[in-house]
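Enquirer: Dropping a structure here in structure tokens format, bear with me for questions.
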2 protein chains.
Amino acid sequence: MQVSKYIKSSLLLALTIAVVFSCKEKETKEINSVSESTHPSLILTKQGVKEIRANLGSIPIFDKTLAATKKEVDTEIENGFDVPVPKDYSGGYTHETHKKNYVLMQKAGVLYQILEDDTYAQFVKDMLFDYARQYPTWPVHPKPRSYARGKLFWQCLNDSNWLVYTSQAYDCIYDFLTEEERNTLETDLFRPFADYISKENPQFFNRVHNHATWGNSAVGMMALAMGDDTLLDRALNGVKDVNFNPDEKDNDGGYIRKDGQKIGFYANVDEPFSPDGYFTEGPYYQRYASYPFLIFAQALQNKKPEHKVFEYKDGVLIKSVNALLNLSDVDGDFFLLNDAQKGMSYFNASLISTVDIGYHFGGNDPGLLSIAKKQDEVTLDDAGLAVALGIKAGKEKPFIKKSIELSDGANGDEGAVGVIRSYDWELVFKYTAHGLSHGHFDKLSYALFENGNEVVQDYGMGRFVNIEQKGGGNYLKENKTWAKQTIAHNTITQNEKSQFKGKYDIGSKHHSNKYVFSVADENIQVASAKEENAYPGTKLHRTMVTIKDEDYNNPYVLDIMRVSSEKSNQYDLPFFFLGHIMQADFEYNKLNEPEVLGKSDGYQHLYKEASASANGSNIKLNWLLNNKFYTYSAVTSKNDELIFGRIGANDPDFNLRNEQTLILRKKDVKDALFVSIIESHGTYSPVSELAVNAYSNIKNISVMHNSKEYTAIQIETKKDKSKVFIISNENNDKGVEHKLTINNIEYTWEGAYMFTENK
Amino acid sequence: MQVSKYIKSSLLLALTIAVVFSCKEKETKEINSVSESTHPSLILTKQGVKEIRANLGSIPIFDKTLAATKKEVDTEIENGFDVPVPKDYSGGYTHETHKKNYVLMQKAGVLYQILEDDTYAQFVKDMLFDYARQYPTWPVHPKPRSYARGKLFWQCLNDSNWLVYTSQAYDCIYDFLTEEERNTLETDLFRPFADYISKENPQFFNRVHNHATWGNSAVGMMALAMGDDTLLDRALNGVKDVNFNPDEKDNDGGYIRKDGQKIGFYANVDEPFSPDGYFTEGPYYQRYASYPFLIFAQALQNKKPEHKVFEYKDGVLIKSVNALLNLSDVDGDFFLLNDAQKGMSYFNASLISTVDIGYHFGGNDPGLLSIAKKQDEVTLDDAGLAVALGIKAGKEKPFIKKSIELSDGANGDEGAVGVIRSYDWELVFKYTAHGLSHGHFDKLSYALFENGNEVVQDYGMGRFVNIEQKGGGNYLKENKTWAKQTIAHNTITQNEKSQFKGKYDIGSKHHSNKYVFSVADENIQVASAKEENAYPGTKLHRTMVTIKDEDYNNPYVLDIMRVSSEKSNQYDLPFFFLGHIMQADFEYNKLNEPEVLGKSDGYQHLYKEASASANGSNIKLNWLLNNKFYTYSAVTSKNDELIFGRIGANDPDFNLRNEQTLILRKKDVKDALFVSIIESHGTYSPVSELAVNAYSNIKNISVMHNSKEYTAIQIETKKDKSKVFIISNENNDKGVEHKLTINNIEYTWEGAYMFTENK
């Protein structure tokens, strides 16, 4: 199989090269005859095309991508194309066909430039004229679900996708067309198309949102292709003089605009990106938005370098590439923050251009070459050539992901996401702003990965993207009723109500605050943050620590969630472990038939399967996942309630995954302290049937001290060692000296926290 | 990592070779001085040792295994050993330590022979003397769970394991010991040990069961090592003159013996192996038993070739190697028949010797070399040397697994297991005998794998082997109450009662019967079988067909289950699909809270989550597993009941995996015909978010004809083609001509079935 694949691509490569060389003579002629033209100039430049042609056959990753693209497009040209009358939602025929068309046009345009074969230009031209013929006759798309319905697709978002790709195709075949042909296309198709998604849909175009980014970039790229500076201004600065309705929402429930908000492409760079390059919607949507951000920036830089777009906001677009890659696990899968589908990774097509553009326009970071090499594909343009040449020259270095804190908010002062990497663990701790309309109500939540496998999960979103069987591939109602709700996350729910009352209006006004992020000592890394608005009158302060104990192979995670309130409440802290329960060291009562846990705020989707009452000592839950043994050990107070829950209630269409959780519930208390440790301590082999270190290494965890000022936790291991972790709850200055006496022992230290062996 | 591992093993190899060469001189001397000795002679022979030494350093797979073994044993010698007073169940310290000890002794013995370093002999000697000192003082093991308690371990089975390995170690260091030392060991340890597991535990030793096989081989190998022909006879032919209690059962519920049953090693070869080499307990237990079967056969062949053990029963021991390997999926994981833990594969240590012995004593099948190469390890003995030399000489060929039917029963007349391999599918259809005490009540059940991934599952066993947290690593009570029961399998349960009343006594008296197994045409492969004793008065006839349609990439599976009874019954046919439901095309009512489905026979472990009433047309269930789309399409009759069930009720310790099933229930009918098709038709990528061919290709399935004599099924595809499959229900002769007229169309064919396009 592998071998035959290899032979096939080698053959294709040989063919490609043959075609290229047979065209050499023609090239010289053509370049002379069109030397006054400025096309191509978006993702390919005239100089870039020249260099690509000169290097073909000697740049393996580029040659391979080219051969694969050629094969794909050739097949499609042979099969012929269709421009159907729009009708379907995503997953349906007309949707998928229009989507395929724009991708093909972009690829065929590029092939025309690189291979100088008119067949490709003709293919693009024919398709464009078919669109130009039909577009003026198409009404608004018949499917009604979107707040901004498109014409080709059910939403303007997809129409914008089409234009972003098609503008590149047009740029590539610009000189292939007569002036009259260009006039026809621009008049009948491109200008009305651009107007429709901008002037006629300002509720879509004039936003700060990934939708608008696509819209702005689409219009901007076509403006650059057509050489229309007025249209370019619309893309960069929005549609002026449009009435603004402050109450209008999109169909995800997000507000269209805030009063006084800036609009256009620059506004979309300004606001959602923090100075660290974190995109407030999270990596899943950044991955999606990064294509229009960067492809348009690239086009703008190539055609109008005077805009200095890559220097805008202190070079944030390039920083965002690094931030995005750092929000992926060891396998390249993106962490799940806000709405996000599991399995999305930096192997996604949009990340090819993200990495290549980041490399080409961002100072040739050799770490990016190693990612490009894993992707095994480059963009067929100037940026891709740069990457291919870099790899060929052996410049690549490993892209090393370390622990990193990425601030959120336009000015970097709206919380952050903290990623601690310690040996095989990756801990993703969220203390950000809300994340626009895709945000979840999950302040101070976390997820934990070991070697790229999720161990303590974030549920992700309630959606099966583009799987038509599941609600047309769109958001399912369970996304709102379950996935966004607080109880679906590893954080505190108070009184069975979601944070910020589960309301976007409220949540989007607030953010958590960083408190400590200290990762210099690989063996004791600390992230700590506070949330004071999720539940008015209640303060949450969570500290997560990875500790590498010299006696054990794997670090463990210490989790301290401190709650203080003005009044008595019920606090639920769920623990969404993945895997099969091996043992719980407390007696629980498994119900004969599961009961629905609650009525609203996500509780209606949880079954209670078993429950227990804590006796005040530590509890342990030991489970097996992917042939590894894990243990969760938690401090309890007498009469704390323990609930084994399972997702899946009130889920009439089996939309939810029926995974488990263990909820630790404290009732009728003002203040509460949840302290636990998560360990990965052993392995199992179903082949040798050997279980190694199947049990926890933790003997006991206890709270030595808990006051307004300090919290001190003692950890005793099975090797009879005792360690103490103390955090100062109100002063996080690095230089400050602290003194605390517990049980007649005086602890002194400098900075927000200390960790020591107890003598 | 890989590199450093490589360097390490290279270093070790170099060291090993250095040691070997430095010993060359010594070797010559020693061989002369002990030339009259007959040791070693079990798994190593004097000639074999000579050849191994001569080839060391030039037989990579052997050298690598040797280096790894040396490293392991050296570390353990450095750490010292312990011979603790027996106390624990499996998973516990004393159990695991005694287990480690016998493995180490065997390895050290072999190292002594190959490397001629006295350190290894001394290590074995010291450990053996520690055992000899303590063994006479040990009472029966304190843990009471076994019907045959051991002394070192909780069951004689594990004591036998110990002796099988230790006999090899003793054989290796035999000449290193003085006669007096040998006398001490034999008198204080080996003879009483052999007597204990045989004469003192005839209920263990005098059986036909994998337990007895271990016992027989243990005693036999020690007899060979000591040169005791009387003891050897006991191993081969059992303990004579023991009172036989026909009612006695083991702790798995299996009968100890049947009246008049032969006993001893030969009986254990005679009875459980069919002439095809199928082991009646199934591959999971064959894997376990194959080590004692083959290691003892090897020793017997080496020491007493006059027994011609490998020719016994027409060479069945060698045939069994081939049968076992054919009962693994493309990844080498064994199919789940009867009690079996998922994930067991031919990478298990016992399969190393199975493959090597099979190669060395079975005519040097070059296909086995490719398996050995994947295992990347050989036994450090004559057989392993033969394999290493074969690989070195480049003799290996792929081990090609085709569709195969393996008969069950000592004479091959007690049903069979049929494995159909078609493109990426592997269908395992069970119509065997009961499978001794590890058998499940699941006649005519099946499991389906695609590319080595289970798609329609057999649950396997209710046990987490050697995971102490789960019932000491032993069988859980849910093994009996769930995993063995009929409703846990993809076959018919009548009136909510398991087949054979769920009684071993009854089930073990019967077997299903083969009807058709026809796989010559790769595109239409048929397995058909009948069961007439599971429910007295009811006959079951199932036909499973893989059909590769020219219009589609993947074959689909047609399943025809025909039930006819003397009286009205309820028939349940569950479908244990794995994955997430995407869509069901029938309206179902999801319960607010799951209800326990039934009271006994496994039903008490199923929750009813949703139900529907069929309207008489086809139903479809579409689901997603490992990013592939599958559909189950089934013919229904009006008012058939459909139940979505989930495993997990009455499971107080979360011992069960909470997977789903869809049960098709027909009530108050004498005869019933269940017809369905399983397809794998599409793929999903979470990276590109593209769903390809997400829907079934089957438009409709219908029953064209169903009589005592014939059943005809029509399959209409979405490409508007219509196919017909007809099976003759009462005559399976290949040469017979059939004629059947349906809707005025006459179908004529030869043989038990026909498949044709409907014009």
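The values are calculated or read from the model by the stated rules, or taken from the named source; none is laboratory data. Worth saying up front: this structure is predicted, and the values here are computed from it rather than measured. Glycine also receives a Cβ, built like all others from the backbone with ideal geometry; neighbour counts cover every protein chain displayed. Each accessible area value is taken on the protein alone, full model and side chains, heavy atoms only, with ligands, DNA and RNA left out. Shrake-Rupley method; radii C 1.70, N 1.55, O 1.52, S 1.80 Å.
Enquirer: Quick check on my link table: of A:Lys497/A:Lys530; A:Lys548/B:Lys70; B:Lys342/B:Lys666, which ones sit more than 24 Å apart, alpha carbon to alpha carbon?
Expert: A:Lys548/B:Lys70; B:Lys342/B:Lys666
Enquirer: Relative contact order of segment B:407-697: what whole-number percent is it, with Cα pairs under 8 angstrom and at least 6 residues apart?
Expert: Value for segment B:407-697: 16 percent.
Enquirer: Turning to a different aspect of this structure: Which value in nm describes the separation of the simple spin-label points at A:Asn79 and A:Trp138, placed 7 Å from the Cα toward the beta carbon?
Expert: For A:Asn79 paired with A:Trp138, the spin-label model returns 1.9 nm.
Enquirer: Let me ask you something else. Pull out a ≥ b ≥ c, the square roots of the eigenvalues of the alpha-carbon gyration tensor of segment A:415-695, then state rounded if a/c is under 1.5, prolate if not and a/b is larger than b/c, and oblate in the remaining case. Please report the intermediate quantities before stating the final value.
Expert: On the way: a/c = 1.27, a/b = 1.14, b/c = 1.12.
Rounded shape, in that the Cα axes give a/c under 1.5.
Enquirer: Nearest 0.05, what FRET efficiency do A:Lys638 and B:Arg145 give at R0 = 45 Å with Cβ-Cβ as r?
Expert: Given R0 = 45 Å and the Cβ-Cβ separation, E is 0.80.
Enquirer: A further question follows. Would you calculate, for chain A, the mean residue ellipticity at 222 nm contributed by helices, counting each DSSP H stretch of 4 or more residues as -39,500 (n - 2.57) and dividing by all residues, to the nearest 500?
Expert: Using -39500 (n - 2.57) per qualifying helix, the result is -10000 deg cm²/dmol.
Enquirer: By how many degrees, between 0 and 90 and to the nearest 10, does the Cα long axis of helix A:156-173 differ from the longest principal axis of chain A?
Expert: Result, in degrees: 40.
Enquirer: Taking 0.36 nm per intervening residue step and subtracting the Cα-Cα distance, what contour gain separates A:Lys50 from A:Lys739 on full extension?
Expert: The span from A:Lys50 to A:Lys739 would gain 241.2 nm if fully extended.
Enquirer: Take every residue in peptide B:463-476, count the Cβ atoms of other chains within 10 Å of its Cβ, and give the average of those counts.
Expert: Details: counts 0, 8, 5, 7, 11, 5, 12, 7, 0, 0, 3, 0, 0, 0.
Counting other chains' Cβ atoms within 10 Å and averaging over B:463-476 gives 4.
Enquirer: Further question: Quick one: which of A:685-692, B:722-729 comes out on top by average Cβ neighbours within 10 Å, and what's the full order, highest first?
Expert: B:722-729, A:685-692
Enquirer: Note the angle between two axes, namely the Cα long axis of helix B:210-226 and the longest principal axis of the Cα atoms of chain B, as a number of degrees from 0 to 90, rounded to the nearest 10.
Expert: 20 degrees
Enquirer: In nanometres, what is the gap between the two model label sites at B:Lys501 and B:Glu179, each 7 Å from Cα along Cα-to-Cβ?
Expert: The two pseudo-label positions are separated by 6.3 nm.
Enquirer: What average number of partner chain Cβ atoms lie no more than 10 Å from the Cβ of the residues making up A:684-696?
Expert: Average per residue, whole number: 6.
Enquirer: With the contact rule set at Cα under 8 Å and sequence spacing of 6 or more, what percent relative contact order holds for segment B:276-401?
Expert: Computed over segment B:276-401, the figure is 24 percent.
Enquirer: By its C-alpha gyration tensor, with a ≥ b ≥ c as the square roots of the eigenvalues, how is chain A shaped: rounded for a/c under 1.5, else prolate for a/b larger than b/c, else oblate?
Expert: In terms of gyration-tensor shape, prolate.
Enquirer: Take every residue in peptide A:592-603, count the Cβ atoms of other chains within 10 Å of its Cβ, and give the average of those counts.
Expert: Counting Cβ atoms of other protein chains within 10 Å of each residue's Cβ and averaging gives 2.
Enquirer: Which parts of segment B:693-736 would a label at B:Lys670 reach, counting a residue when its backbone N lies under 15 Å from a point 7 Å out along Cα-to-Cβ?
Expert: B:707-709
Enquirer: Once you keep just the Cα pairs under 8 angstrom separated by 6 or more residues, what percentage relative contact order results for chain B?
Expert: Contact order relative to length: 8 percent.
Enquirer: Still on this structure, I have one more. Which entries of B:Lys374/B:Lys402; B:Lys374/B:Lys514; A:Lys638/B:Lys480 show an alpha-carbon separation above 27 angstrom in the structure shown?
Expert: Beyond 27 Å: B:Lys374/B:Lys514; A:Lys638/B:Lys480.
Enquirer: Here is a follow-up. By its C-alpha gyration tensor, with a ≥ b ≥ c as the square roots of the eigenvalues, how is segment B:276-401 shaped: rounded for a/c under 1.5, else prolate for a/b larger than b/c, else oblate? All intermediate terms of the calculation are to be shown ahead of the outcome.
Expert: On the way: a/c = 1.73, a/b = 1.13, b/c = 1.53.
Judged from the Cα gyration tensor, segment B:276-401 comes out oblate (a/c at least 1.5, b/c at or above a/b).
Enquirer: Further question on the same structure: Assume the label is 7 Å from Cα along Cα to beta carbon: what separations in nm does B:Glu78 have to the matching positions in the other copies?
Expert: Output for B:Glu78: 6.2 nm, nearest copy listed first.
Enquirer: Quantify, in whole percent, the carbon and sulfur part of the accessible surface of the protein assembly as shown (1.4 Å probe; protein heavy atoms only). Each step should come with its number before you reach the end.
Expert: On the way: 26400 of 54670 Å².
Whole-percent figure for carbon plus sulfur exposure: 48.
Enquirer: Then there's this: What order, most packed first, do the peptides A:420-430, A:155-165 have when packing is the mean number of other Cβ atoms within 10 Å of each residue?
Expert: Going from most to least packed, we get A:155-165, A:420-430.
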